[in-house]
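Notes to accompany the following structure.
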Amino acid sequence: MTEPPSSDIERSLEGRVIAVPEARQLDVLAGLLEKRGARVLRCPLVGIVDAPDSRPVVAWIERLVAKPADLLVIYTGEGVERLLGFAQRAGLEGEFIAALGKTPKITRGPKPKRALRRVGLEPQFEAAEPTTHGLIETIVGIDLAGKRVAVQLYNSEQDPELVDYLSGRGVDPDCVAPYVYASAAEDEQVAALIGELAAGRVDAIAFTSKAQVQRLVKLARERGTESALRAGLERARVAAVGPVVAAELENLGFRVDAMPEDSYSMKPLVIALGDLLGAHA
């Protein structure tokens, strides 16, 4: 997607109210929106913290250091960064980076690729699309007979599709979940966001992870306000940072109005919102 001319950037979202449930890069996303004239409604729904038990994570790192895997599947940039943090605290950072360098790697999307580049590494393979299906589609062409495969999961309760696929090919994957999602907003703040959506005071909401969608729906169900949430998301425009988030929204019965076409990150998301709301001014 092409950035609009600089003279149009400041006005592309002027007067629009955009809800932002992002937590980790909240200021980055809010700043990009505000630069274009939007009023940002901040409500971080989900935070990310280290796995509460470091022992299995460090043990996984030690196994990779002792014997680099034949293939490492990397789901997220956050996962790379968290693993590096665990390795550093365990005094294994240099050895871990060296082991990563010796291990063929496949990444799900651009964020893990960027995280690897920050320590001077590159993936040998990239998923056909940034989804589990895209990973599987790419791994189909890789010989795994008798091979050791390591997998960085994006959480400990991840959908088992990839693990089931690998097991079906006779592989017992060595999995690690280096972080967990934690609530980063009080329930009352989330309830207030639902109220703003239902009242029609939000022009758009920009989702950047499926966990945000799940948290919003979970609280609405607990509070008995799911119908208000659905009505609010019918009135507002709904943007997703990429196909994984879009699929989660659609699976839950929500419409997706905007998604970046190629690069699934913050700036293309903001550009997609500007294009959408400009077309519906």
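If the requirement is being within 22 Å of the chain's Cα centre (by Cα) and assigned to a helix (DSSP H, G or I), which of these qualifies: Leu121, Leu116?
Criteria check complete, one pass: Leu116.
Return the residues of the stretch 17-32 that are of a type outside the set (A, V, I, L, M, F, W, C), within 20 Å of Gly232 (Cβ to Cβ) and at pLDDT 90 or above; say none if nothing qualifies.
Correct list: Pro21 only.
Return the pair list, or none, for Cβ contacts closer than 9 Å from residues in the stretch 193-222 that are more than 23 Å from Ala272 (Cα to Cα) and part of a helix (DSSP H, G or I) to residues that are aromatic (Phe, Trp, Tyr) and at pLDDT 95 or above, at least 6 apart or on different chains.
Val217/Phe254
For (1) within 17 Å of the chain's Cα centre (by Cα); (2) surrounded by 17 or more Cβ atoms within 10 Å (Cβ to Cβ); (3) closer than 30 Å to Arg237 by Cα, each residue gets a yes or a no:
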position: Gly15; (1), (2), (3): no, no, yes
position: Glu34; (1), (2), (3): no, no, yes
position: Asp53; (1), (2), (3): no, no, no
position: Trp60; (1), (2), (3): no, yes, no
position: Leu72; (1), (2), (3): no, yes, no
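Take the stretch 159-179 and flag every residue that is outside any loop (DSSP other than H, G, I, E, B), surrounded by fewer than 17 Cβ atoms within 10 Å (Cβ to Cβ) and touching a residue at least 24 places away in the same chain (Cβ under 8 Å).
Within the stretch 159-179, Glu161, Asp174 meet the criteria.
Looking only at the stretch 122-143, how many residues end up being crowded, with 16+ Cβ neighbours inside 10 Å and either hydrophobic (A, V, I, L, M, F, W, C) or closer than 20 Å to Ala99 by Cβ (or both)?
Residues meeting the conditions: 6.
The values are calculated or read from the model by the stated rules, or taken from the named source; none is laboratory data. Every value quoted in this text rests on a predicted model; they were computed, and no experiment measured them. For neighbour counting, all protein chains shown are included, and Cβ atoms are generated from backbone atoms with ideal geometry for every residue, glycine included.
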